[in-house]
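Novice: The structure that follows is given in the form of structure tokens.
The values are calculated or read from the model by the stated rules, or taken from the named source; none is laboratory data. Bear in mind that the values here come from a model prediction, so they are computed numbers and not experimental data. Cβ atoms come from the backbone with ideal geometry, glycine included; neighbour counts cover every protein chain shown. Calculation scope for accessible area: heavy atoms of the full protein, side chains included, ligands and nucleic acids excluded. Shrake-Rupley method; radii C 1.70, N 1.55, O 1.52, S 1.80 Å.
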Amino acid sequence: MAHSNPLSKVHYLIVHPKFGVYLGSAQGRGYWSKVDSVGQPAAVTFPSQQEALAYMASWAVSPPAGVQLLPVVSDGPGYATIAACVRAGAPAWLDPLTPTANGRAQAL
């Protein structure tokens, strides 16, 4: 029997065909899974399409052409793991800094 998380519900990811999944921002810079995933094991999610659009409207630069909103079953409030994103149809991402179930991969 599958375990269900009562906090899980459909939220929205910001995705782009070239840049991947929008992971969030820090110090005014946005991070995308195909550009610089900075070891993030999850992506930021938004409770509605309207909230995702309003968030992108607050950016200092316009969102890149081709951005789409993808429904995803969140793992908790405001985030979806790599696995949840892949189940929703987004591309997977890993880099040497991404924590995994077997421990943090070592950079070569």
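Novice: Quick check: anything in the stretch 46-67 modelled with pLDDT of 90 or more, aromatic (Phe, Trp, Tyr) and more than 13 Å from the chain's Cα centre (by Cα)?
Specialist: yes
Novice: Follow-up question, since we're still on this one. I'm told ALA107 meets every condition in (1) modelled with pLDDT of 95 or more; (2) in a loop (DSSP other than H, G, I, E, B); (3) touching a Pro at 6+ places or on another chain (Cβ under 9 Å) except one. Can you identify the failing condition by its number?
Specialist: (1)
Novice: A further question on this structure: Kindly list, by first and then second residue, each pair from a residue in the stretch 36-62 that is more than 14 Å from ALA26 (Cβ to Cβ) to a residue that is open to solvent by 80 Å² or more (accessible area, probe 1.4 Å) and assigned to a helix (DSSP H, G or I), limited to pairs with Cβ atoms under 7 Å and residues at least 6 apart or on different chains.
Specialist: As it stands, the answer is none, since no pair meets every condition given.
Novice: Further, regarding this structure: What residue, among those in the stretch 1-36 that are of a type in the set (S, T, N, Q) and closer than 18 Å to ARG87 by Cβ, is modelled with the lowest pLDDT?
Specialist: Pass one, the stretch 1-36, residues of a type in the set (S, T, N, Q): 4-5, 8, 25, 27, 33.
Among the residues that remain, those that are also closer than 18 Å to ARG87 by Cβ are: 4-5, 8, 33.
Working: SER4: 52, ASN5: 56, SER8: 66, SER33: 94.
By that ranking, first place goes to SER4.
Novice: Answer yes if at least one residue in the stretch 10-24 is closer than 19 Å to ALA92 by Cβ and of a type in the set (D, E, K, R), and no otherwise.
Specialist: Scanning the stretch 10-24, I find at least one residue that is closer than 19 Å to ALA92 by Cβ and of a type in the set (D, E, K, R), so the answer is yes.
Novice: With respect to VAL72, is the statement that it is farther than 10 Å from TYR22 by Cβ and open to solvent by less than 40 Å² (accessible area, probe 1.4 Å) true? I'd like the intermediate steps shown before the answer.
Specialist: Numbers: farther than 10 Å from TYR22 by Cβ: yes; open to solvent by less than 40 Å² (accessible area, probe 1.4 Å): yes.
When the stated conditions are applied, VAL72 passes them.
Novice: Does ALA92 satisfy the condition of being touching a helix residue (DSSP H, G or I) at 6+ places or on another chain (Cβ under 7 Å), more than 20 Å from LYS9 (Cβ to Cβ), at pLDDT below 95 and not polar (S, T, N, Q)? Break it down into steps so the answer makes sense when it comes.
Specialist: Values: touching a helix residue (DSSP H, G or I) at 6+ places or on another chain (Cβ under 7 Å): yes; more than 20 Å from LYS9 (Cβ to Cβ): yes; at pLDDT below 95: yes; not polar (S, T, N, Q): yes.
For ALA92, the condition - touching a helix residue (DSSP H, G or I) at 6+ places or on another chain (Cβ under 7 Å), more than 20 Å from LYS9 (Cβ to Cβ), at pLDDT below 95 and not polar (S, T, N, Q) - is met.
Novice: Can you list the strands (runs of 3 or more DSSP E) found entirely within the stretch 8-89 that contain at least 2 residues being of a type in the set (Val, Ile, Thr)? Lay out the reasoning, then the answer.
Specialist: Working: elements: 10-16, 20-26, 29-32, 42-44, 68-73, 79-81.
Filter on the stretch 8-89 gives 10-16, 68-73.
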